[in-house]
Amino acid sequence: MVEVSKRKESRIIKQERNTPQRTIGTIFTLLLVSLIIRFLFKLLGANPDNGFVRGIYAATEFFVGLFEGIFSSVPINGAETTAIFEPATLIAIVVVALVSWVLQRLFTPRIIDNSLERVEHIEHDTD
């Protein structure tokens, strides 16, 4: 009589980190952080003559400029400074986040099955 035994081995194949997706994520994260810093600086009435503040404003001006005029900025007068609520920056943050998400989804590799399975049939003679 021949006895058949079945041995099954499964192994999960790890997906390599996608370099284009990581690059897009890094670039858009830096842009989003810059836009958030700009929004906070404007909201808190940061000194625009400061070099760092001026640099953030200059680096993000293009992205915020695309959405200027949709809503008007609201000046908020404080004791020492004038803060500005800038809706264009909020819109830019949302749009950049959405574009980043879409691009990262486009560069995500599509894997139908990420496991490797091997089945081995072994016949034993029990006589």
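Values in this text are rule-based calculations from the coordinates and carry no lab data. All of these numbers come straight from a predicted model, not from anything done at the bench. Positions of Cβ are backbone-derived with ideal geometry, glycine not excepted, and every protein chain shown enters the neighbour counts.
Of note:
- The charge dipole of the range 25-96, taken about its Cα centre with unit charges on the Cβ atoms of Lys, Arg (+1), Asp and Glu (-1) only, comes to about 120 debye.
- Kirkwood Rh in Å, taken over all unlike Cα pairs in the range 20-110: 14.1 Å
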